[in-house]
Ligand code: 4AD
Ligand code: MG
């Protein structure tokens, strides 16, 4: 333990400054692995965790990760005391270390660079890190999700998720939308009463929001074009790979917009996201072995089919679907395998959709709505459409859906004071991440998934 203490630098010494002094009193830059090329031929200090390690007598090869990348650090026995070299030899997976060294270009190295170690400090020797390079079962990995996030595959997925979220914000911000956050505690059901999470709100009952849409409709009348972006909650009692209890949704809403406008906005968003990820997250897509040529083919315009046409395609493909029924996961998979880009299915029977959908004037039993089904069998990623703007009709629909009118008074008000046609949609971030990364299950698309049987960690 003596060696460990000797090599241990007080934490405070190097969180604050950007420069450190080496043992000879020279200043040294502290930086991240992603910036390593700037230090070719000079020294830099990196801080991170041991990803992997091997030794061959006089050399120790330490794979260091710091969240921005991975680099191989090579330590030569001749440059260290016996005690120091022994400590390097004892480094374990996920031990926290600071490493100083000279950066060398090496075309064979994964990131193109290696580091020749001149000094190091150990913060902690990790003992028995549970996730080893061998294969682990999903249940074990989910139990250790707080640690699993450090592995390169999970890291790549969450980097892509971050890029997708940033792209959504940029898309709407660049098009004159105002971000208006909507509440999480609500008195209203938006997407049906069967998937509500109820909670106490002092002496009242409240629900966790299923969608920010109803509030978006209010803010759209105030700002014209708005979006909200936040967590939404659904008590989905069926165990599927496409459903989480807590997921993030981006929802635009536009005053004076129609169903057609909303479809154009939706396909534009998806293309914008893909272009961004293909441009900025190539390395992560490669880690995931994602076939990018498939994503590159996703260009405008997306095919548009009616619900009627979709039912026809499904029946030809052997589905049991009857006209008037909602599509099951299997139906969505069939439909989305038929196209090389997302397909927009519009005008579903009103009876399978939410109470707020504007009826099609030509066939009032249809709703002016759209679901966007991602390709490669991924199914629904977006749901939206045009909203009822007439007071009387909305009141009727609330009653027909057996919803209490009192909590919706404010929502009805919007139809009394300058009502206009308006439309919008919601896109589930996790569904998009799963598709872009080509994942089997939504549980890997968010850092800490909330699934039917798991709320730990
Ligand atoms: O189709 P949904 O239910 O539509 C709405 O909530 C509308 N109020 C949105 C709007 O028009 N502003 O949900 C929208 C999207 C789905 O297409 C899907 O991507 C995602 O939210 N989603 C889920 N994602 C993960 N887990 C779940 N349980 C999800 N339920 C819906
Ligand atoms: Mg839907």
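We did not get these values from a lab; they are worked out from the coordinates using the rules stated. No experiment lies behind these values; they were computed from the predicted model shown. Here the Cβ positions follow ideal geometry from the backbone for every residue, glycine too, while neighbour counts run over all protein chains shown.
Each of 344, 249 was scored by other Cβ atoms within 10 Å of its Cβ. Arranged with the fewest first, they read 344, 249. For the chain, the longest principal axis of the alpha carbon atoms and the long axis of helix 391-400 meet at an angle near 80°. Between 0 and 90 degrees, the angle of helix 307-316 with respect to the longest Cα principal axis of the chain falls at about 70 degrees.
Distance from the Cα centroid of segment 365-394 to that of segment 311-331 is 17 Å (rounded to whole angstrom).
If you take the beta carbon distance between residue 92 and residue 405 as r and set R0 to 60 Å, what does 1/(1 + (r/R0)^6) give as a FRET efficiency, to the nearest 0.05? After rounding to 0.05, the efficiency reads 0.40. Across segment 144-194, the convex hull enclosing all Cα atoms gives 159 Å³ per residue. Kirkwood radius and radius of gyration were both taken over the C-alpha atoms of segment 85-236, and their ratio Rg/Rh is 1.16.
Estimated from helices alone, the mean residue ellipticity of the chain at 222 nm is -8500 deg cm²/dmol (sum of -39500 (n - 2.57) over DSSP H runs with n ≥ 4, per residue).
Rg and Dmax of segment 366-405, based on Cα coordinates, read 14.4, 42 Å.
Counted by neighbouring Cβ atoms within 10 Å, the residues 64, 196 run from fewest to most as 196, 64. For the chain, the equivalent ellipsoid derived from the alpha-carbon gyration tensor has semi-axes of 52, 23, 21 Å in decreasing order. Panel note: the C-alpha atoms of segment 17-124, placed on their principal axes, show extents of 33, 31, 24 Å (largest first).
In plain terms, the residue of 107, 319 with the fewest other Cβ atoms within 10 Å comes first and the most crowded comes last, giving 107, 319.
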